[in-house]
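Note sheet for the following structure.
The values are calculated or read from the model by the stated rules, or taken from the named source; none is laboratory data. All values derive from a computational prediction rather than experimental measurement. Counting neighbours? That spans all protein chains shown, and the Cβs are built from the backbone with ideal geometry, glycine included. Keep in mind that these areas ignore ligands, DNA and RNA; they rest on the heavy atoms of the full protein, side chains included. Shrake-Rupley method; radii C 1.70, N 1.55, O 1.52, S 1.80 Å.
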Amino acid sequence: MRILVDNPYLFQYFSLVVLLLVLFGISFYKGQVALRKWSGIGLIITPIVYFYLILEAYTLNIPYTDDFNLLETVHNFHVANGFVGKIEVLFEQVNQHRFAFERTVMLIMYFFTGTVNIKTQILLGNMALLGIFYLLFLTFKKEQISWYYFIPVPYVLFNLVYFENAVWGIAAIQNTPLIFFALLSAYGMGRNDQKGFYLGIAAALLTTFTSGSGILTWIIGTLILALQKRFKLLFVWLAIALAIVLFYFLFDYQVIPSHTGSVWPHPIFNLIFVFAFWGNAFYLDFIHPIANSFYADMIWCVLLGAGILLVFCIWLVRLFLARKTVWSDWFLWGAMMFAMGTGAMFVISRPISSYVMYGGNIFSRRYMIFGVALLATVYVCVIILAKNLRHVKRIAALLGLFCFIALNFVSYYLSVTSIRKFHEDLAIDSFYWKNHKTFLTTGDNFGDIPFWNHPTRMSNLIDTLNANNLLDFGQYKDLPEHKRVIAETGDKSVRYQGEFDLKISYIKDLNNVSSKFLRFEITHNGPSKPVYFVLASNDHTLLLPALPVPNSVSDLLKNHSYYGSDYQYSLYRSKLPVGLFEVWVMEKDPVAPGKWKSYFTGKSISLI
């Protein structure tokens with residue numbers, strides 16, 4: 001699927017969706033039921049299929065940061081002594097979390113295949129989106145609402161707003177299944193029968209040992225059972241919850257003190273912050289420097305979060321006033337409570353003392369999945385609330401359809417470059433480790449390594465993982481040793497035909513410090529495509545991926561191509577070592593498959 005990396009065919013995807021949308025609209029005017037059915041099905045399936053094709057193309061079997069910790073678990077489990085020792089490994093604490101579910105998935109994979117495949121793990125984790133999708137769809141059937149009104153949902157669920165969660169191994173196998181298990185628990189408890197109760201318990205167990213916020217499912221289940229007046233089952237539920245919580249916090253657990261402060265010194269700022277988390281589906285993928293300037297997307301996040309709270313309150317009142325409830329009432333209430341509760345926990349653990357609308361990198365992209373799932377749930381609630389108000393329901397559906405399709409398109413247009421960069425950085429990580437004992441993907445400074453720059457832990461871990469067939473850092477064996485890259489692939493007499501430029505600016509980093517930011521740029525004229533910028537000095541030879549620059553929206557529509565002819569790579573100055581570097585451009589040798597060719601740009605740069 002490398003073809004989708006080189007060209008994601010966004011124009012074709014957008015055009016197909018628009019065409020299906022037009023056909024779906026026409027079918028209502030002409031009364032063509034068959035056209036309406038098949039164009040509607042096409043509108044639902046297209047974003048789902050495209051999402052998984054993109055994932056398949058852009059994910060790699062290469063670990064990233066915390067993925068190493070989970071891979072280490074497989075080895076530790078294998079060598080652990082006795083039953084208790086293996087249980088300690090399985091439930092080992094990571095910060096406040098216990099990743100027993102994630103470790104179990106990897107152990108099962110190892111048992112059947114003899115290794116762990118990160119790419120498979122990512123795809124398995126993202127399959128939980130289909131479970132979320134199906135549970136939300138079931139509510140439409142229960143409420144006897146036409147499936148046509150469900151068409152907007154896949155466009156908000158299957159997009160790249162949360163791209164980090166979608167393509168990072170540990171995030172994909174953690175956050176997405178976490179939400180699915182929490183929704184499954186709420187679904188089981190809402191069914192108000194014995195089978196549903198057992199399902200709710202099983203899903204709550206999975207949720208608890210997938211991430212720390214999974215403990216919320218026990219609170220949600222307690223509220224549902226109490227309001228349903230199922231007091232005998234409530235007693236059993238509380239007894240099981242107590243046993244699980246005691247095990248969670250007493251079995252080989254160490255309390256980690258928090259130094260982040262409290263929300264109470266700035267309650268208004270943090271209330272706005274939690275609104276922003278609930279509405280984070282609108283948090284767009286561009287640099288938000290930490291500066292005293294409002295960002296429009298952050299304001300929309302806050303407004304959306306406030307609107308979500310309003311819908312939640314209306315739904316709660318509806319529950320209390322309803323003469324008779326069905327399982328979908330409780331399920332949707334529980335789904336909203338879990339996502340909103342997770343947002344509240346996030347803010348409590350990371351309180352702020354300023355306006356969130358100033359932007360900054362306050363949210364990791366892996367947390368956007370909670371806002372996306374919450375927005376999809378709230379849309380379903382709005383349609384159900386308006387199901388007896390024909391015109392209001394149609395307006396809500398049309399507004400949701402166009403907003404969610406627009407969000408879907410914008411997320412792909414902005415974030416395909418981000419997952420392309422992540423893909424290419426991961427692909428060259430093994431070269432950096434082999435030659436420089438660091439990673440391009442990790443750390444703020446050249447030479448940084450995971451596990452807090454411990455001098456030996458990472459080296460020992462990689463040796464152990466390689467010995468146990470859990471890691472293959474030899475995927476780039478066709479690249480020479482770094483000091484011989486230019487000697488074996490370059491010829492100074494043959495100059496690069498394009499133009500090279502280095503642009504320097506200052507951008508606020510995560511510590512709110514203005515830091516030097518470098519952007520390497522080339523305008524390419526040749527028939528082959530650049531693959532790497534090569535920076536060569538006496539001490540280091542560094543490879544930086546040459547990433548194609550996306551076309552503007554107008555050029556995308558005119559040329560039907562996402563990428564233009566320019567290439568670039570950006571990073572903070574601190575990620576590169578000091579030295580005088582010649583700048584080369586490396587391409588795949590057109591006449592020798594598997595070989596490389598480097599061309600000197602005629603430029604040198606001094607990094608001090």
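Odds and ends about this structure:
- Kirkwood Rh, angstrom, the range 144-239 [1 / mean 1/r, Cα pairs]: 14.8
- Surface composition of the range 123-195: carbon plus sulfur atoms contribute 58% of the solvent-accessible area (1.4 Å probe, protein chains only, all chains present).
- A convex hull fitted to the Cα coordinates of the range 294-420 yields 128 cubic angstrom per residue.
- Amide H contacts under 5 Å for G279, placed H, 5+ residues apart: G305
- Distant-in-sequence amide contacts of Y532, defined by a placed amide H-H separation under 5 Å and a gap of 5 or more residues or a different chain, comprise A546, M586.
- Rounded to whole Å, sorted largest first: equivalent-ellipsoid semi-axes of the chain, Cα gyration tensor: 43, 31, 23
- Remark: the range 217-227, residue by residue, has Karplus-estimated 3J(HN,Hα) of 4, 5, 5, 4, x, 4, 5, 5, 5, 5, 6 Hz, where x stands for each Gly or Pro and the curve is 6.51 cos²θ - 1.76 cosθ + 1.60 at θ = phi - 60°.
- Against the chain, whose longest principal axis comes from its Cα atoms, helix 128-142 is set at around 30 degrees.
- Tail weight of P(r) past 16 Å, computed on alpha-carbon pairs of the range 528-608, percent: 60
- Normalising the Debye intensity of the range 304-378 to I(0), with uniform scatterers on Cα atoms only, and taking log10 at q = 0.12, 0.24, 0.27 Å⁻¹ returns -0.41, -1.20, -1.38.
- Close amide H contacts of K508 (hydrogens built in the peptide plane, cut-off under 5 Å, sequence separation of 5 or more or a different chain): I290, S515.
- Volume in Å³ per residue [convex hull over Cα atoms, computed for the range 380-473]: 166
- 3J(HN,Hα) couplings calculated from phi for the range 521-532 with the Karplus curve 6.51 cos²θ - 1.76 cosθ + 1.60 (θ = phi - 60°) are, in sequence order, 9, 9, 9, 9, 10, x, x, 8, 10, x, 10, 9 Hz; Gly and Pro show x.
- Rounded to 10°, Cα long-axis angle of helix 267-278 versus longest principal axis of the chain: 80
- V79 paired with K387, simple spin-label distance in nm, labels 7 Å along Cα-to-beta-carbon: 5.7
- Packing rank of 48-61, 167-180, 184-197, 73-86, where each peptide gets the mean count of other beta carbons within 10 Å, highest leading: 167-180, 184-197, 48-61, 73-86
- Phi to ³J(HN,Hα) by Karplus 6.51 cos²θ - 1.76 cosθ + 1.60 over the range 179-189, Hz, x for Gly, Pro: 5, 4, 5, 5, 5, 5, 5, 5, 4, x, 5
- In degrees, nearest ten, helix 368-385 long axis to first principal axis of the chain (Cα): 30
- Cross-link partners of K232 among lysines, defined as those whose alpha carbon lies under 29 angstrom from its own and excluding same-chain residues fewer than eight positions apart: K142, K195, K324.
- Per residue, the range 206-313 exposes 52 Å² of solvent-accessible protein surface, assessed with a 1.4 angstrom probe and all protein chains in place.
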